[in-house]
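K.L.:
Below is one structure. I have some questions about it.
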Amino acid sequence: MAKSPRPAFRCTECGWETTKWVGRCGECQAWGSVAETAAVPQGRTTATAVTQAAVPIGDVSVEESSFRGSGVPELDRVLGGGLVPGAAILLAGEPGVGKSTLLLEVAAQTARHRRRTLYVTGEESASQVRMRADRTGGVHDELYLAAETDLGAILTHIEQVRPALLVVDSVQTIGAPGIEGVPGGVTQVREVAAALIRVAKTRNVTVVLVGHVTKDGSIAGPRVLEHLVDVVLQFEGDRNSRFRMLRAVKNRFGPVDEVGCFDLGADGITAVTDPTGLFIENHHGRVAGTCVAVTMEGRRPMLAEVQALVTPSALERPRRTTSGLDGSRIAMVLAVLQQHCGIRLHAHDVFASTVGGARLSEPASDLAVALALASATFGTAPPAGVVAMGEIGLAGELRRVRDLPQRIAEAARLGFRMAVVPTGPESPGGVRPVSQDRMVDGMRVVDAPDVGSALRLLGLSRPSNRRLRSADDG
C-alpha cells in the first residue's frame, strides 16, 4: 500500500521546510513564520520526448546570446557589456531608491533602438507610469505599457506584443491563479518567477524583475529566486543624496566587481561617469581635520574626503559619532593612535564623517581617517593636494592595499600632488624594490612603514597650539 504524503511545515518568509512545527525558522530565524502545508506526493519519473536533441558544445551558436547595449552606459558596465537575450535579471533595492525610474529609462532607450519593449507595472497605474515617462522623456512607439497583476494576463501580453525586453515591476505583486498563497508569498513568487524565466529562455527575451527588500536590506522572498535568475543587481543610495550606485551581486555573463553610478533628479536618472567630484569638498585653503582617501568601488577608483572633529567632552563617556564610516574601525584607529602615536582622546568627543554621502567600508581608508583625526586633534592642516591610502594594523603598521597603481593614477589625474602609501614589501635578499620617495604620473609618492611615520612626514605628530593640553589639564 502506498504511503500517504506526510504533512510538512514551511516558512512563509524564506521557504524552509521541516517535518514538524517549530516556533522559529531554522533558516531565516523568523518567529511565527512556520505554517503547515500539504506535502507533495513522491512519484516515479519516466522518460519523455525531448524538445531538442543534444549536440556537441562546439556546435552551439552563441550569436543569439551576444550582448546588446541597453542605452545606459553605467548599466552596461555592471552587466559586463549589456543585456543578453534570454537572460533573467533581478533588480532589488529599498523603496524610493529609483528602481522604477532606472528601468523606465532602460526600457525607453531599448525602444529607441527599435527593439520592442513591454513594461508591466503591478504597483502603479498605467497613467502614473505615463506621467513619469513624460517627465523623463521616455515616451516611444516601441515601448508598450500594461498594468497587470495576473500571471496569465502577462503571458497573454507577451504573446501579443512579442517584446525583446520585458520589465516586471514588481515580482511580489504578481499572482498566479491556482497556486496556494497570496501574491508575494513564497509559493507565489517562486511560481511567477519560474514562469517568466521559462518565457525568457524559450523566446529569447530579456526579462528584468524588480524585487522588494526586507528591513535588513536583503532581497525579500525565497532565496531560490536568486538562484533561478542569471543576474542579481542591488540598487543602493541614501535618501538625503541624489547619488545612486548599482552593484552586481551575481552575474553569469560578466564580473561581479563592477559598480555603476547614477544621479537621480527631477528629470529622471542620468549616468555619472566621473563621480569623484561629488565626494570631495572644494576648500579655498588648507583646512584642519580633513584628508582625502582613495577607495575602490569594484574596479573603479574613487576619491572621497574624510572630515574629523575633536572637541573636549564634559561627559563621563565621550561620544564617538560616525557618518559614512565603520564605527568599529574608527574605534580601532583611535586605539592605535593612542597606543603607538601618543594621541590621547579619552576625554574628547570624536566626530568623523564623509562628504557627499559616500560610504567608506574598505580598510584602505584607515590611513586617511587617522590623518584626519590627528589633524583635527592638533589643529594642523595637512599639506595641500595630499591623498592617503593604507590599512592600519593593531601594531600601528601600514599594510599594502590592492590596486595601488590604479589608485595613484586616479589621484594624479585629478590633480593631487602627493600620496602617502604603505611601504612596499622587501625582496628575498632584503632589498626594497622602490625608494621611499618617488615620482609616479607626475605625483610625489611617499612610502611610510607605520602610522607614526606618516604623521611625522606630514607634520601632524605634534600639536601646533595649546588647545589639547589645556583640555587635558582641565
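K.L.:
Please specify each residue of the stretch 350-363 satisfying the condition of being at pLDDT 95 or above and either part of a loop (DSSP other than H, G, I, E, B) or open to solvent by less than 10 Å² (accessible area, probe 1.4 Å) (or both).
P.N.:
350, 352
K.L.:
Would a scan of the stretch 373-393 turn up a residue that is polar (S, T, N, Q), touching a strand residue (DSSP E or B) at 6+ places or on another chain (Cβ under 7 Å), under 15 Å from residue 320 (Cα atoms) and not in a loop (DSSP other than H, G, I, E, B)?
P.N.:
yes
K.L.:
Checking residue 13 against (1) under 23 Å from residue 218 (Cα atoms); (2) modelled with pLDDT of 80 or more; (3) open to solvent by 30 Å² or more (accessible area, probe 1.4 Å), which single condition isn't satisfied?
P.N.:
For residue 13, the exception is condition (2).
K.L.:
Cβ contacts < 7 Å: first residue open to solvent by less than 30 Å² (accessible area, probe 1.4 Å), restricted to the stretch 245-256; second residue in a loop (DSSP other than H, G, I, E, B), any location; separation 6+ or different chain. Result?
P.N.:
248/256; 248/258; 251/80; 254/80; 254/81
K.L.:
Further, regarding this structure: Kindly indicate the residue of the stretch 63-118 that is open to solvent by 10 Å² or more (accessible area, probe 1.4 Å), hydroxyl-bearing (Ser, Thr, Tyr) and assigned to a helix (DSSP H, G or I) and also farthest from residue 235 (Cα to Cα) among those meeting that condition.
P.N.:
Looking at the filtered set, the residue picked out is 65.
K.L.:
Hand me the list of strands (runs of 3 or more DSSP E) wholly inside the stretch 231-284 holding 1 or more residues that are under 12 Å from the mean Cα position of the chain (by Cα) and among the polar types (S, T, N, Q).
P.N.:
Values: elements: 231-237, 243-251, 259-265, 268-271.
Fully inside the stretch 231-284 and qualifying: 231-237.
K.L.:
If you check 126, 133, which single one turns out to be farther than 25 Å from residue 252 by Cβ, aliphatic (A, V, I, L, M), surrounded by 14 or more Cβ atoms within 10 Å (Cβ to Cβ) and without any contact (Cβ under 8 Å) to a residue 40 or more places away in the chain? Give the steps one after another, and end with the answer.
P.N.:
On the way: 126 fails: surrounded by 14 or more Cβ atoms within 10 Å (Cβ to Cβ).
Within the list 126, 133, the selection yields 133.
K.L.:
Answer with yes or no whether residue 311 is part of a strand (DSSP E or B) and open to solvent by 60 Å² or more (accessible area, probe 1.4 Å).
P.N.:
On the way: part of a strand (DSSP E or B): yes; open to solvent by 60 Å² or more (accessible area, probe 1.4 Å): no.
So residue 311 does not fit the description; no.
K.L.:
Please specify each residue of the stretch 18-55 satisfying the condition of being modelled with pLDDT of 85 or more, loosely packed, with under 14 Cβ neighbours inside 10 Å and either of a type in the set (Lys, Arg) or not in a loop (DSSP other than H, G, I, E, B) (or both).
P.N.:
20, 24, 31
The values are calculated or read from the model by the stated rules, or taken from the named source; none is laboratory data. Since the structure is predicted, the reported quantities are computational estimates derived from the model, not experimental observations. In this analysis, Cβ positions are derived from the backbone assuming ideal geometry, glycine residues included, and neighbour counts consider all displayed protein chains. The area values use the complete protein model at the heavy-atom level, side chains included, leaving out ligands, DNA and RNA. Shrake-Rupley method; radii C 1.70, N 1.55, O 1.52, S 1.80 Å.
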